[in-house]
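A.B. asks: Here it is, the structure, as structure tokens.
The values are calculated or read from the model by the stated rules, or taken from the named source; none is laboratory data. Being a predicted model, the structure only gives us computed values, none of them experimental. Using ideal geometry, Cβ is built from the backbone for each residue, glycine included, and neighbour counts are taken over all protein chains shown. Please note that ligands, DNA and RNA were not included when accessible areas were found on the heavy atoms of the full protein model with its side chains. Shrake-Rupley method; radii C 1.70, N 1.55, O 1.52, S 1.80 Å.
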Amino acid sequence: VQLQASGGGLVQAGDSLRLSCLASGRFANYAMGWFRQAPGKEREFVAGMNWSGSGTSYADSVKGRFTISRDNAKNTGYLQMNSLKPEDTAVYYCALRSGSFIATSRFESDYNYWGQGTQVTVSS
């Protein structure tokens, strides 16, 4: 499976962006996660969704501002980011976790496939 993340850019604090993650394979077979890595920091979990879309998980730092979603018919996942802050500046990665009726996870090692990342820069 190949993943292509897109939608990043340079925005001002308070603005919104929507990231997309297009998968080459059957998207519905996987749980989905979004991670981010800021300069000089380790990659961290942002949001996750199980294979069906019925379960989600968010990092405390983005809860209430970011929304993860998926459209299995389009093999695409999304991360809607509202009320962006300068501390949200990072490269954002989408990832898929394989397994039957699989739940999401906050751990990088649980994910099997990764996209190339898309840069999000939030200016103050």
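A.B. asks: Need the failing condition index for Gly40 against (1) among the small types (Gly, Ala, Ser); (2) without any contact (Cβ under 8 Å) to a residue 40 or more places away in the chain; (3) assigned to a strand (DSSP E or B), just the number.
C.D. replies: (3)
A.B. asks: Among the residues of region 80-97 satisfying the criterion of being over 12 Å from the mean Cα position of the chain (by Cα) and hydroxyl-bearing (Ser, Thr, Tyr), which is least open to solvent (accessible area, probe 1.4 Å)?
C.D. replies: The qualifying residue least open to solvent (accessible area, probe 1.4 Å) is Thr89.
A.B. asks: Could you grab me the full set of residues in region 98-124 that are part of a loop (DSSP other than H, G, I, E, B), surrounded by fewer than 16 Cβ atoms within 10 Å (Cβ to Cβ) and not hydrophobic (A, V, I, L, M, F, W, C)?
C.D. replies: Those that are part of a loop (DSSP other than H, G, I, E, B), surrounded by fewer than 16 Cβ atoms within 10 Å (Cβ to Cβ) and not hydrophobic (A, V, I, L, M, F, W, C): Gly99, Ser100, Arg106, Asn112, Gln116, Ser124.
A.B. asks: Follow-up question, since we're still on this one. What tally of residues in region 44-73 results from selecting those that are more than 19 Å from Glu108 (Cα to Cα), open to solvent by 50 Å² or more (accessible area, probe 1.4 Å) and touching a strand residue (DSSP E or B) at 6+ places or on another chain (Cβ under 7 Å)?
C.D. replies: Adding up the residues that qualify gives 1.
A.B. asks: Then there is this: When you scan region 22-37, how many residues do you find that are in contact with a helix residue (DSSP H, G or I) (Cβ under 9 Å, 6 or more places away or on another chain), crowded, with 20+ Cβ neighbours inside 10 Å and assigned to a strand (DSSP E or B)?
C.D. replies: Qualifying residue count for the region: 4.
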